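The numbers here are math on the coordinates, done by the rules we state, and not lab data. This structure is a prediction, so every number in the text was calculated from the model and none was measured. Here the Cβ is made from the backbone with ideal geometry for all residues, glycine too, and neighbour counts use every protein chain on show.
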Amino acid sequence: MEATEPVIEKWLPQLRKGLLEILILEIVAAQISYGYEIASRLKLALRAEIAEGTLYPLLKRLLRDELVTTQWVTDGQSAPRKYYRITPLGEAVLLRMREEWATAHNALQELSQ
């Protein structure tokens, strides 16, 4: 194990935790999605599993903060699914999060030169 690994193992979950809100909003801004779809897209993007115990409380918080709404959909072939859709407030918050992310990214680029 490299000397950096213990530090990275502590830091990486915190980084991912901070990114989850913006990533979830990006997912539901692109298309309405149910929990498993969101988890699958996050897994691909982050190359890591997102535990249900992390995802669903976060979705509840986004719902409580009125950044997303939900709708139960039954297609007749599978169990009903709760779909998440971004709200106008969620879109405004996402836009601001993108701006903040761009500022942080630019600062990182500038400081690393």
Quickly rank 5-17, 33-45 as a protection proxy: mean count of other C-beta atoms within 10 Å, highest first.
33-45, 5-17
Each label sits 7 Å from Cα toward the beta-carbon; between Ala107 and Glu5 the label points are separated, in nm, by 3.2 nm
Identify which of Leu55, Leu25, Leu46 has the largest mean-square fluctuation in a Gaussian network model of the chain, with springs joining Cα atoms closer than 10 Å.
Leu46
Counting only residues 5 or more apart in sequence or on a different chain, those whose built amide H sits under 5 Å from that of Thr87 are Val68, Thr69
Quickly estimate the mean residue ellipticity at 222 nm for the chain, helices only: each DSSP H run with n ≥ 4 gives -39500 (n - 2.57), and the total goes over all residues, rounded to 500.
-22500 deg cm²/dmol
Per 10 Å bin, what is the whole-percent P(r) computed from every C-alpha pair distance within region 25-64?
28, 63, 8
Mean-square fluctuation check for the chain, GNM, Cα pairs under 10 Å: which of Val68, Val28, Val93 is largest?
Val93
For log10 I(q)/I(0) by the Debye sum over Cα atoms at q = 0.09, 0.16, 0.17, 0.21 Å⁻¹, the choices are [x] -0.22, -0.69, -0.77, -1.12; [y] -0.30, -0.83, -0.91, -1.21; [z] -0.18, -0.62, -0.71, -1.15; which was calculated from the structure?
[y]
